[in-house]
Amino acid sequence: MKRPGPDGHVVGFIDIGTNSIRLLVVRLNPNHSYTILTRQKQQVRLGEGEFEEEVILPEAVERAVIVCKTFTELARTFKTEEFVAVATSAMREAGNQQESLHRLR
């Protein structure tokens, strides 16, 4: 992660969970404090049907893509310079993990 400049460094964190996706945008200040600029959460039901099929359903991936796109656009309004994304075990263990991650990228 980049060191904060005199005005700080804005980072967007995206947490892709089994049921919802969360966004946290923060300004990392030069004095090592931080300021929360926005916090969002949207239900996407990424794990819907996964436990039966061991894959993430295409419609669930599409919902996640739409939410991630909306969240990154919102984060950019705060002049976000960097994004950090993490995914739940539903994504990490899915049989179609690579295809799903490719769509999300």
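The values are calculated or read from the model by the stated rules, or taken from the named source; none is laboratory data. Here the structure is a predicted model, which means the values were calculated and not measured. Quick reminder, even Gly has a Cβ in these numbers, built from the backbone with ideal geometry, and neighbours come from all protein chains shown.
General observations
- Here residue 68 fulfils each of the conditions (1) in contact with a strand residue (DSSP E or B) (Cβ under 8 Å, 6 or more places away or on another chain); (2) within 22 Å of residue 102 (Cα to Cα); (3) surrounded by fewer than 16 Cβ atoms within 10 Å (Cβ to Cβ) apart from (3).
- In the condition set (1) within 15 Å of the chain's Cα centre (by Cα); (2) in a loop (DSSP other than H, G, I, E, B); (3) over 13 Å from residue 15 (Cα atoms), residue 79 is compliant with all but (1).
- Residue count, segment 13-27 (criterion: part of a strand (DSSP E or B) and of a type in the set (S, T, N, Q)): 1
- Residues located in segment 72-95, provided they are basic (Lys, Arg) and at pLDDT 90 or above: 76, 79
- Annotation: residue 92 fulfils all but one of (1) surrounded by 20 or more Cβ atoms within 10 Å (Cβ to Cβ); (2) free of Cβ contacts under 8 Å to residues at least 12 places away in the same chain; the unmet one is (1).
- Residue within segment 28-43 that is buried (at least 17 other Cβ atoms within 10 Å of the Cβ) and in contact with a His (Cβ under 7 Å, 6 or more places away or on another chain) present: yes
- Candidates 46, 23, 101, 57 - the one that is touching a helix residue (DSSP H, G or I) at 6+ places or on another chain (Cβ under 6 Å), modelled with pLDDT under 90 and not hydroxyl-bearing (Ser, Thr, Tyr): 46
- Verdict on residue 61 being part of a helix (DSSP H, G or I) and surrounded by 15 or more Cβ atoms within 10 Å (Cβ to Cβ): yes
- In the set (1) buried (at least 16 other Cβ atoms within 10 Å of the Cβ); (2) out of contact with any Phe, Trp or Tyr (no Cβ under 9 Å at 6 or more places or on another chain), residue 24 fails one condition alone, (2).
- Answer residue from segment 71-87, given it is out of contact with any strand residue (DSSP E or B) (no Cβ under 6 Å at 6 or more places or on another chain) and surrounded by 14 or more Cβ atoms within 10 Å (Cβ to Cβ) and is farthest from residue 23 (Cα to Cα) among those: 76
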